[in-house]
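Okay, so here's the structure we're looking at.
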Amino acid sequence: GGIITQTPKFLIGQEGQKLTLKCQQNFNHDTMYWYRQDSGKGLRLIYYSITENDLQKGDLSEGYDASREKKSSFSLTVTSAQKNEMAVFLCASSWGIEQYFGPGTRLTVL
Amino acid sequence: GEQVEQLPSILRVQEGSSASINCSYEDSASNYFPWYKQEPGENPKLIIDIRSNMERKQIQELIVLLDKKAKRFSLHITDTQPGDSAMYFCAAPTGANTGKLTFGHGTILRVHP
């Protein structure tokens, strides 16, 4: 089996700050995803990537950038953190359609 | 794109009883329907899925039913236990062969002793 790791686990930022979240997977999966989950709510797709250096926008891409530096890693940047923003950012990967999720990064903006 | 509606948003049941969560989708071409369980502070975990060539699938106490004609699928948990308390998400593919999933908004299941 494989594993997906996300760093950091907790991220505290200031309003207007640029923040970067990282995700690594050793499943050797082609496709990777970034989702945002707000408290008690569903998952909204921010960006996904079907292969190294590919980038596709999801439903919530505004305010974010992403980069697929290599097959095993996918990073997400919050371009300007919004005050009082609190959410969990979940990374996932898949080969085919079965998606597996990382443990998440919890973002709090002061 | 695909829209997935999930109901109820909150479900409270007594231990030992059954719990049912229902989802509907719009794209008749959708062919894969996973269910995820997310415990507090944890990541969503795939617990069962069904493909469009099946109408029913069971893994231990989990049963998934698919009605392609009505574009509905459902998760049934029989003999619920307190450990089944969690958030449950259904999902359906977004577009053909994209690998993307559209998720329902989730159901919070609380199993009371």
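The values are calculated or read from the model by the stated rules, or taken from the named source; none is laboratory data. Everything numeric in this text was worked out from a predicted model, so none of it was measured. A quick note on method: Cβ atoms are made from the backbone with ideal geometry, for glycine too, and the neighbour counts reach across all protein chains shown. Areas reflect the complete protein model, heavy atoms only, side chains present, ligands, DNA and RNA absent. Shrake-Rupley method; radii C 1.70, N 1.55, O 1.52, S 1.80 Å.
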Could you report the protein assembly as shown's accessible area per residue, 1.4 Å probe, as an integer in Å²? 50
Averaging sequence separations of C-alpha pairs under 8 Å and six or more residues apart, then dividing by the length of chain B, give the relative contact order as a whole percent. 37
How many square angstrom of accessible surface are buried between A and B, both sides summed, with a 1.4 Å probe and rounding to 100? 1600
Per-residue ³J(HN,Hα) for the stretch B:74-80, Karplus 6.51 cos²θ - 1.76 cosθ + 1.60, θ = phi - 60°, Hz, x for Gly and Pro: 8, 10, 10, 10, 8, 6, 4
Quote the accessible area belonging to A:F27 in square angstrom, nearest 10, computed with a 1.4 Å probe and with ligands, DNA and RNA left uncounted. 70
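What ranking of B:H112, B:H105, A:H29, B:H76 comes out by heavy-atom accessible area, probe 1.4 Å, highest first? Could you put the intermediate results ahead of the total?
Numbers: B:H112 75, B:H105 135, A:H29 20, B:H76 45 Å².
Highest to lowest solvent-accessible surface, that is B:H105, B:H112, B:H76, A:H29.
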How much solvent-accessible surface does A:K70 expose, in Å² to the nearest 10, with a 1.4 Å probe and all protein chains in place? 100
A:L55 - accessible surface, heavy atoms, 1.4 Å probe, Å² rounded to 10: 80
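Taking each residue in B:98-107, count the Cβ atoms of any other chain within 10 Å of its Cβ, then average. What number comes out? Before the final figure, lay out each step's value.
On the way: counts 5, 13, 11, 9, 5, 8, 2, 4, 5, 0.
Partner Cβ neighbours, averaged per residue: 6.
Mind checking B:29-42 for the average number of partner chain beta-carbons within 10 Å of each residue's beta-carbon? Could you put the intermediate results ahead of the total?
On the way: counts 0, 0, 1, 3, 0, 3, 0, 3, 0, 6, 0, 0, 4, 3.
Counting other chains' Cβ atoms within 10 Å and averaging over B:29-42 gives 2.
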So which residues of the stretch A:67-110 lose at least 40 Å² of accessible area, probe 1.4 Å, when you go from the chain by itself to every protein chain present? A:I97, A:E98, A:Q99, A:F101
Note on chain A: contact order normalised by length, alpha-carbon pairs under 8 Å, 6 or more apart, percent, works out to 35
log₁₀ I(q)/I(0) of the stretch A:30-91 at q = 0.23 Å⁻¹, via Debye over equal Cα point scatterers, no solvent, to two decimals? -0.92
Roughly to the nearest percent, how much of the accessible area of chain B is carbon and sulfur, given a 1.4 Å probe? 46
Going by a ≥ b ≥ c, the root eigenvalues of the Cα gyration tensor, does the stretch B:1-112 fall in the rounded group (a/c under 1.5), the prolate group (a/b larger than b/c) or the oblate group? prolate
Given charges at beta-carbon only (K, R positive; D, E negative), |dipole| of the stretch B:37-113 in Debye: 440
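Of the accessible area of the stretch A:4-110, with the probe set at 1.4 angstrom, what percent is carbon plus sulfur? Don't jump to the answer; show the numbers that get you there.
Details: 2500 of 5280 Å².
The nonpolar share, carbon plus sulfur, comes to 47 percent.
For the stretch B:1-51, what is the relative contact order in percent, using Cα pairs closer than 8 Å and at least 6 residues apart in sequence? Could you put the intermediate results ahead of the total?
Details: 51 pairs, mean separation 15.2, N = 51.
RCO, the stretch B:1-51: 30 percent.
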Mind checking the full-extension length gain between A:K22 and A:K70? Use 0.36 nm per residue of separation minus the Cα-Cα distance, one decimal, nm. 16.1 nm
